[in-house]
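Have a look at the structure below before the remarks.
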Amino acid sequence: MNDSRKLCANRVQPKMNNTGDQSMKHFFLVLFCLLLVFAASCSNDRQPSNGQPAANSSSNVDAGHKIRIGFSMATLKEERWQRDHDAFEARCKQLDAECVITVANGDASRQANDVDNLLTRGIDVLVIAPHDATQAASMVEKAKAQNVPVISYDRLINSDKIDLYVSHQIPVIGRKMAEYALQHVPKGNYIMVYGAPTDNNAHIIKKEQLAVLQPAIDRGDIKIVADQFANDWKPEEALKIVENALTQASDNVQAVIASNDGTAGGAISALEKRNLAGKVLVTGQDAEKAALQRIAEGKQTMTVCKPIVPLANAAVEAAVALAKKQTPANVVSFHNDAINKDVSAVLLEVIAVDKDNLLDTVIKDGFVTFDDVYANVPADQRPNRP
């Protein structure tokens, strides 16, 4: 009984004998029990019939609450990341989710600060495209300590605490590059230009490339005359690697397996200085417009197209599902060799693109326009417009 009720009882009760005292004790005991039953009933009313927490509990997004997704990006330097940014933002708007995007400009410390700021803004889900796969694990820890689900976007974070890894079939990308090179240059000297050493994807791609090439290496059909990681996937780093390798090999090189289109561009710049562009096979990844133009011109041999809009859509859709405590669609298990742990993943298909299928792939799909791809090709040398 609260104080106000006690005061009222004290005012209305006269002084009683022992029998009256006993009656009052029974009265208060019954009243106390009734209050307990009432309180328990109120508590149960806050739980749904299945025993799960109510919708307005801290474990679910409140009804009517607009989901807020934080997207920490490592960079916007390459064209493909600008596509990711725009596609991610567009899908958030379509799903009526609030999107807060930060860009670290290739700085791991800045990305750590970005994540801290996102967490203070009350995000429901954190999506990270990490600059440094290992350092980003600490960002995951901070988010999980606040019960914020984490999606590793495109690049795999070295943590088994991520809720989901959304990317393309990264191992397949590495294999497609090496298989294409072997098919078109089954014998000769190869230069291997890997991606950033801080990017887990670069290591996955390297592993798959070498797995494909190893039998030919063992047979003596091909020889790797140089192999090196390019810091931050920078074209200028690739240029230096390829220039040095060409010098050491006296220009006797038949293939450059560059792990993305940026490094492919750097490799081609080195080849152009020695009049070797178009004579040496060069691979790539991302299907950037500049790379597709080089393929049309005959300077770059192939690239691996990773459709960006489906990737961004999958990430946003998964983020919304996680915010609602739902299971994202199309989840598979992926083994992270760096930490020897399996993580849940959504992996999208990729496509090998070369001069022969430009029209039927990236142009047909609306990824780029015919005029953009063949901008540097004389009109009389272009294929028929579809």
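The values are calculated or read from the model by the stated rules, or taken from the named source; none is laboratory data. Just so it is clear, the model here is predicted, and its values are computed rather than measured. Here the Cβ positions follow ideal geometry from the backbone for every residue, glycine too, while neighbour counts run over all protein chains shown. Accessible surface areas use protein heavy atoms only, side chains included; no ligands, DNA or RNA. Shrake-Rupley method; radii C 1.70, N 1.55, O 1.52, S 1.80 Å.
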Here the residues within the range 241-283 that are touching a residue at least 40 places away in the same chain (Cβ under 8 Å) and part of a loop (DSSP other than H, G, I, E, B) are A249, N252, V253, Q254, S259, N260, T283
Filter the range 64-79 down to residues that are within 13 Å of the chain's Cα centre (by Cα) and open to solvent by less than 10 Å² (accessible area, probe 1.4 Å) and give me whichever is farthest from A312 (Cα to Cα). A74
Within the range 246-277, take every residue that is over 22 Å from W233 (Cβ atoms) and in contact with a helix residue (DSSP H, G or I) (Cβ under 8 Å, 6 or more places away or on another chain) and give me the one that is least open to solvent (accessible area, probe 1.4 Å). L276
Which residue out of L126, L119 is part of a strand (DSSP E or B) and farther than 27 Å from G284 by Cα? L126
Scan the range 49-63 and give yes if some residue there is in contact with an Asp or Glu (Cβ under 8 Å, 6 or more places away or on another chain), within 18 Å of E317 (Cβ to Cβ), at pLDDT 90 or above and surrounded by 15 or more Cβ atoms within 10 Å (Cβ to Cβ), otherwise no. no
Residue by residue through the range 97-137, note down the ones that are open to solvent by 40 Å² or more (accessible area, probe 1.4 Å) and polar (S, T, N, Q). N105, S109, N113, N117, T120, T134, Q135
Grab the strands (runs of 3 or more DSSP E) fully contained in the range 293-386, keeping just those with 3 or more residues being at positive phi, out of contact with any strand residue (DSSP E or B) (no Cβ under 7 Å at 6 or more places or on another chain) and open to solvent by less than 70 Å² (accessible area, probe 1.4 Å). none
Of all residues in the range 142-176, which are open to solvent by 50 Å² or more (accessible area, probe 1.4 Å) and of a type in the set (A, V, I, L, M, F, W, C)? A145
Go through the range 225-234 and report how many residues are surrounded by fewer than 23 Cβ atoms within 10 Å (Cβ to Cβ) and in a helix (DSSP H, G or I). 2
Within the range 352-386, residues being of a type in the set (S, T, N, Q) and farther than 20 Å from G278 by Cα number 3
Could you please tell me which pairs satisfy a Cβ distance under 7 Å, a separation of 6+ or placement on different chains, a first residue in the range 307-334 that is free of Cβ contacts under 8 Å to residues at least 60 places away in the same chain and closer than 15 Å to I69 by Cβ, and a second residue that is open to solvent by 70 Å² or more (accessible area, probe 1.4 Å) and outside any helix (DSSP H, G or I)? A321/T327
Considering only the range 177-224, state which residues are open to solvent by 30 Å² or more (accessible area, probe 1.4 Å), part of a loop (DSSP other than H, G, I, E, B), free of Cβ contacts under 8 Å to residues at least 40 places away in the same chain and closer than 23 Å to P235 by Cβ. P197
